[in-house]
Every structure is written in C-alpha cells, then in structure tokens.
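Take a look at the structure below.
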Amino acid sequence: MISFKRTHSPKSIISFISTTSTCILNKKVSHFSSVVAAQKQITASSASSLTTGFDLQRSLCFLCCNCNRKSVADPQLLIGSLRRMESTFNELGDKASVLDFDPKSADVGGGVEDIYGEDTATEDQLVTPWTYSVASGYSLLRDPQYNKGLAFTEKERDTHYLRGLLPPATCSQQLQEKKLMNNIRQYQVPLQKYMALTELQERNERLFYKLLIDNVEELLPIVYTPTVGEACQKFGSIFRRPQGLYISLKEKGKVLEVLKNWPERTVQVIVVTDGERILGLGDLGCQGMGIPVGKLALYTALGGVRPSACLPITIDVGTNNKQLLEDEFYIGLRQKRTTGKEYADLLDEFMSAVKQNYGEKVLIQFEDFANHNAFQLLEKYRRTHLVFNDDIQGTAAVVLAGVVAALRLVGGSLSEHKFLFLGAGEAGTGIAELIALEISKKTKTPVEETRKKIWLVDSKGLIVSSRKDSLQQFKKPWAHEHEPIDNLLDAVKAIKPTVLIGSSGVGRTFTKEVIEAVSSFNEKPLILALSNPTSQSECTAEEAYTWSKGRAIFASGSPFDPVEYNGKVYVPGQSNNAYIFPGFGLGLVISGAIRVHDDMLLAASESLAGEVTEEYFEKGLIYPPFSNIRKISAHIAANVAAKAYELGLATRLPRPENLVKYAESCMYSPVYRNYR
Ligand SMILES: O=C([O-])CC(=O)C(=O)O
Ligand SMILES: [Mg+2]
C-alpha cells in the first residue's frame, strides 16, 4: 500500500498535500494528469525535504483510483482523501509514518491485490495509465533515463526497492559496454544492429550513449547514414515503441496541446522533418521519423546536448509515396501530401506553438524537407525563430571546411578555384552560397561577383542565364552567361572545374568519363560525392580513386572503407553535416542565442577546417576523424558562441571567459550517476 519514504518529514508531506489541494480547489489543476504536473512543480519549487516525489505521486494515484476507479478525475474525492491523510499526519505529528495512514480504512489489504483495478477492469472500464515522477523499484528498471541494469549497486538496490528484481550479480558500465558491443558485432545485417541499438536506447539511455561515444566510428554508420535510411524505409515493419513526437493533420488546431504531451519541459533542440525528402531516398512520409531521432542521438553523443533536452518531431501531412500508402504496416496518415495553405497553416501553428511552449531560445533544426518547402520555411522563420536548416546550412559549413582544408593539399586560395555542382537543391545551392560568401569576405568582392566562380548543373543541364525565367527562385543567382549544356560530362569539359561536388541525390552519376575528364585538367581534383545514403552516392570511393588514377582527393556524405589502389591505401573522408550540427547547436544553446546568422556558419566551418592537422593531410584526409568529434564539437560550439556574442545575439550573460572550457563543461556525460 502507500509508502511514503520515512525520510520525508510529515510536515513536508502535509505542506505538499495542502498545496496540492489548494491547487485543485482553485481549479488550477482540473484533472488528474494536471495533479501530477502540479506535484512536479510543487516538489521542484518547495525547498522541502521532499527530495523524491515518487511516493507522493504514487499515493495520489492510489487515492484517485481508490476514490472511484471509473473516474479518476474527480477532484473532490481526491481532496477528501488528501484531507483525511493530512489530519492523520497532523494527529500523529512528527512520529507519523505513512504506514499509519490508510486512505479508506483498510479498503486495501495485504497480499497480492489488484489495487489499481487494472487487471480486473473489463474492456469497457477505464484504467489510468499512471506513472511516477521519480522512478523506483520495477518502474526504475523500466525507465531508460535512470535504468542501469546490473550496474545498480547493492546500496541502490536497497534504497530503491530493487531487491529481487535483478539477479544477484553486479557489474560495471564498462563490462556492460563490452557485452553489448560483443552482441552488436554478432549481427551481420546492419538493420539488426540498428534495432539492437534502438532497443538499448529505450532500455538504458546512458549505456546507449556510452557505446555511441566510445565507438563512434563503428556505430555512426548504424544510427546514422547509411543504415538509418534503410530503417526509415522499413520503419513501419520494425516499429516497436514510438520515439519523438508525431504531429499530423489530425492535430490541426491542437498542436500546442500535443507539445504539452511531451514529458520534458526544458527542450533545447528540436529536429523536425515532414519526411518529404529523406536523405536521397525521397518521400518516406511519417517514416522519416528515423532521421530526427538519429540526428538528435548525434546531438547528444557528438555535441553533448542532454538527451532530455532533445525533441525529435515528424510533421505528417501525408505522403505521395504510393508504395507506403499501400503498405499495411505504414505508420502515417494514409493520404496524399497536403500543400499550399493547409500545409503552411499547420507549419505556422507548429512554429508558434513551439515558441509559446519552449520560449525563444529553443533551436528548431529543419531536416530533410523537400526543396520547395525548405527554402521557404528558412526564409519565413529565420527572423522570428532560432532556426537552422541542416541540409542547406549544415552541409554548406561542412563542405566549405573540407574545401578550405583541401587547399593545403591542392594549393591556391579559395577564390582561385572553380566549382561545379551536380545538383542544385538545398545542399548544392547552400554550399555554393556559403563558398561565395567566404570568398566575398576574404577578397572584399561583392557576392554577386564571387558567385560567378561557381556553376551548377541540375536535371536539365547547366544553369545558365537563358534558363532564368523558368528557374526556381533559389537557383536564379546561379544562372550565369553561358551557352546551354544539357549534361554533366559536357559541363565538366566546358567549365573545367577544380572542384566537383555531387549533391544531386542520384547515385552513380559521376561516371568514369566524368571523373576522367575532371582528372585530365587537374593534378589533384577535389571530388565530393555528398548524396546519402551510400546507394545514392554520386560515385564510390573506389571509383573516384581508380578512375582518377589515385590522384583524386575524395570525400563522401556516407562512409566508405579505405581503398587500395596500385599498392597504396587511400582513406576517404566523410563530408557529412554530422561534423557541424552538433557543435553548432551546442554553441547556440550555451550562448542562449536567439537567431542564427550566416557568420556563425562561417565560424563553425572555420573551426572545423582548423581541426585538420598535418598528420591527416599526410594521409590525404580533409576532415579529422570522428573519434575526436566531442573535442571538435566543443571548439565549434565555442567559435559559434563567440560569434553570437560578437553579433549581440547571445542572451547568456555575462559571457564566459573561456568558451571552449565552458562548452566542455556543459557537455552531457553518459557515465552512470549514483542515486541517493
Ligand atoms: O543525414 C545525413 O547523413 C546528411 C543529411 O542531412 C542528408 O543527407 O540529408
Ligand atoms: Mg538531411
């Protein structure tokens, strides 16, 4: 039955009870879930000895259920019980123990009893899916945020009612990590590894992050590209427990309420998608949820943002993917995508609700929206919200960093190079613009001029001025004077780029002829095949090295293994926005930035390029290894935060003196905590 901890002083319990009752009487809380929320607030705000709210909440639940199992929402009955409880404590004074209190004079006896009525409830009876605010006992083992499995110490097993719920052995987090890695390595199929990791995340969050942080190079291709792409494609079939928040057209008019259902109040980073352009795989509708979930796992593992401060969101406005619409296991709305006003209104409601619920400083990262919405959303909200488009801005910052680093290998300054892109969408035009901006700043030349060094090819051929009228807005700045060319190979031959960048989302488009052509007029052609996942990469690492006869400097969006060519081993780099967004977001969060400015992207990019040291250049690498990513992220965060302060966009004052140290000190560590 009810068991307040004996460590709770009766006075503090009484004060809690009376505050709660007052809240209920004043109709500040109107139903039971609000009582739970109120209880959390009261516990947090009263500096009483109520250090654990668990038992209180449990008893409230208990009382509630006991009042009337069919209608737990009756505040009057609850207050009645609370009052009786209060008077029991008052009578007995400091000697009181909660065991002295029996809410309905022994309505509940000993033994095994279904006191909450959940097991005995018939199908038409309502049961309350209640939970504790502070977990203990069985619920502690089921709470991924606090569960430590066999690593609970003897003392914790005593104080948290875990005796008997675990086998006798205890072990360290290191040993658990070793076991889990052994298990994961046994799976041959990457998707099975993905599922095993997801299960771990839902079972023991700290252990999940410990694995990810300590084995980042091995596990990144599982929780992230390429495997996350396959996971999204099969999301309905592998779906077990929901992660993140789903906002669909059904929730129109109620988005704020939906946000309030999320259990965490202090959210710092939201990654949101509408699933229309998942990696280079196209429209995966609601199943795109794998992407925000994966990106936020990296926010924590690579950038040190606390998991509880991360919120993955999928906005479901339907899908045009016929196969999914016909798939019996599809988890989303079964309708064609809505567009126009209805789409804009839902997004608008979402953006306002986020600000209302979480304030001005929550970062909203747009991810994998289709071009036509991505540019518009960024433009529409960048002055009113803290927004960042990873595919446009994050990819741009990472590619600029790689290109700047590569200058050490290929020579020349940025302005002396000529760039040709295959793909003129978010990544292509985003990268092009940031390169043009950087050249403009460095050479003090107007950006309209520096753009002329950069050429883009889309599905219709080279973007040239004669096509201007029919081009989408975001492509227009790239329509330079040139005769029309309708394919990449001819464009390569005509433009003679020193840098060739693939951002088309279409695999195997850097053909042998294309790579041979670009290698014919460059000693060391810089070739970046950015599209994800691996199946969509413009070429493989092996193709790039072989066709360029070992001369290409190559990096790709998804990882490739090292390649041996003519007796030499070439290690390809991974040009993926995962280098940037975790540190970038951390920098915004720690400075309390309220808007994103392009100069912050340049700051992040510069910081990343600065991490590529001689030892990596010697191996032909233009990015540092991911194994150093937390240190890299701290530096990126510090550089971004410094820029936020410089621009007057930071609200965390005073500015910490040493921003790198400060960033490091803010980073989440997955090591287990000791419980009192
Ligand atoms: O998720 C990734 O690996 C990079 C990215 O943003 C994309 O391809 O859309
Ligand atoms: Mg993306």
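The values are calculated or read from the model by the stated rules, or taken from the named source; none is laboratory data. Here the structure is a predicted model, which means the values were calculated and not measured. Don't worry about glycine lacking a Cβ; one is built from the backbone with ideal geometry, like all the others, and counts go over all protein chains shown.
Laid out as a table, the results:
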{"item": "Index of the failed condition, LEU296 passing every other in (1) more than 16 Å from ligand 2 (Cβ to nearest atom); (2) touching a Cys at 6+ places or on another chain (Cβ under 8 Å)", "result": "(1)"}
{"item": "Top-ranked residue of the stretch 154-188 - restricted to ones that are assigned to a loop (DSSP other than H, G, I, E, B) and of a type in the set (Ser, Thr, Tyr), ranked as nearest to ASN674 (Cα to Cα)", "result": "SER172"}
{"item": "Test result for PHE388, part of a loop (DSSP other than H, G, I, E, B) and within 16 Å of ligand 1 (Cβ to nearest atom)", "result": "no"}
{"item": "The one condition in (1) of a type outside the set (Ser, Thr, Tyr); (2) out of contact with any strand residue (DSSP E or B) (no Cβ under 7 Å at 6 or more places or on another chain); (3) under 21 Å from GLU438 (Cβ atoms) that ALA663 fails to fulfil", "result": "(3)"}
{"item": "Search result, residues across the stretch 540-559 that are within 16 Å of ligand 1 (Cβ to nearest atom) and surrounded by fewer than 24 Cβ atoms within 10 Å (Cβ to Cβ)", "result": "PRO559"}
{"item": "Condition check for LEU530: hydrophobic (A, V, I, L, M, F, W, C) and within 16 Å of ligand 2 (Cβ to nearest atom)", "result": "yes"}
{"item": "Number of positions in the stretch 245-283 that are within 16 Å of ligand 1 (Cβ to nearest atom), among the small types (Gly, Ala, Ser) and touching a strand residue (DSSP E or B) at 6+ places or on another chain (Cβ under 8 Å)", "result": "1"}
{"item": "Filter result for the condition that a residue is at pLDDT 95 or above and either surrounded by fewer than 17 Cβ atoms within 10 Å (Cβ to Cβ) or among the charged types (D, E, K, R) (or both), over GLY587, GLY610", "result": "GLY610"}
{"item": "Single condition THR429 does not satisfy, out of (1) within 16 Å of ligand 2 (Cβ to nearest atom); (2) touching a strand residue (DSSP E or B) at 6+ places or on another chain (Cβ under 6 Å); (3) in contact (Cβ under 8 Å) with a residue 40 or more places away in the chain", "result": "(2)"}
{"item": "Close pairs (9 angstrom Cβ cut-off, 6 or more residues apart or separate chains): aromatic (Phe, Trp, Tyr) in the stretch 383-404, within 15 Å of ligand 2 (Cβ to nearest atom) anywhere", "result": "PHE388/ILE364; PHE388/GLN365; PHE388/PHE366; PHE388/LEU378; PHE388/GLY394; PHE388/PHE581; PHE388/PHE584; PHE388/GLY585"}
{"item": "Residues located in the stretch 125-153, provided they are part of a loop (DSSP other than H, G, I, E, B), more than 24 Å from the chain's Cα centre (by Cα) and at pLDDT below 95", "result": "GLN125, LEU126, VAL127, THR128, PRO129, TRP130, THR131, TYR132, SER133, VAL134, ALA135, SER136"}
{"item": "Among (1) within 17 Å of the chain's Cα centre (by Cα); (2) free of Cβ contacts under 8 Å to residues at least 12 places away in the same chain - the single one ILE278 does not satisfy", "result": "(2)"}
{"item": "Which numbered condition GLU618 misses (of (1) touching a residue at least 24 places away in the same chain (Cβ under 8 Å); (2) more than 15 Å from SER575 (Cα to Cα))", "result": "(1)"}
{"item": "Residue under evaluation ILE527, criteria (1) away from ligand 1 (no atom under 16 Å from the Cβ); (2) of a type in the set (Val, Ile, Thr); (3) more than 17 Å from VAL403 (Cα to Cα); (4) crowded, with 18+ Cβ neighbours inside 10 Å, criterion not met", "result": "(3)"}
{"item": "Residue list for the stretch 353-393, restricted to those being crowded, with 22+ Cβ neighbours inside 10 Å and of a type in the set (S, T, N, Q)", "result": "GLN365, ASN389, GLN393"}
{"item": "Residues of the stretch 508-548 classified as in a helix (DSSP H, G or I), among the hydroxyl-bearing types (Ser, Thr, Tyr) and under 29 Å from VAL228 (Cα atoms), total", "result": "4"}
{"item": "Number of the condition not met by PRO221 [criteria: (1) outside any loop (DSSP other than H, G, I, E, B); (2) within 14 Å of ligand 1 (Cβ to nearest atom); (3) buried (at least 22 other Cβ atoms within 10 Å of the Cβ)]", "result": "(3)"}
{"item": "Which listed residue is among the acidic types (Asp, Glu), assigned to a helix (DSSP H, G or I) and in contact with a Lys or Arg (Cβ under 8 Å, 6 or more places away or on another chain), from GLU230, GLU199", "result": "GLU199"}
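Rundown of residues vs (1) outside the structural domain of ALA406 (by the TED database); (2) of a type in the set (Ser, Thr, Tyr); (3) not in a loop (DSSP other than H, G, I, E, B), yes/no style:
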{"position": "SER633", "(1), (2), (3)": "no, yes, yes"}
{"position": "ALA641", "(1), (2), (3)": "no, no, yes"}
{"position": "ALA644", "(1), (2), (3)": "no, no, yes"}
{"position": "ALA650", "(1), (2), (3)": "no, no, no"}
{"position": "TYR668", "(1), (2), (3)": "yes, yes, no"}
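The rows are residues; the columns are (1) outside any helix (DSSP H, G or I); (2) within 16 Å of ligand 1 (Cβ to nearest atom); (3) within 25 Å of the chain's Cα centre (by Cα).
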| position | (1), (2), (3) |
| --- | --- |
| LEU346 | no, no, yes |
| ALA353 | no, no, yes |
| LYS361 | yes, no, yes |
| GLN365 | yes, yes, yes |
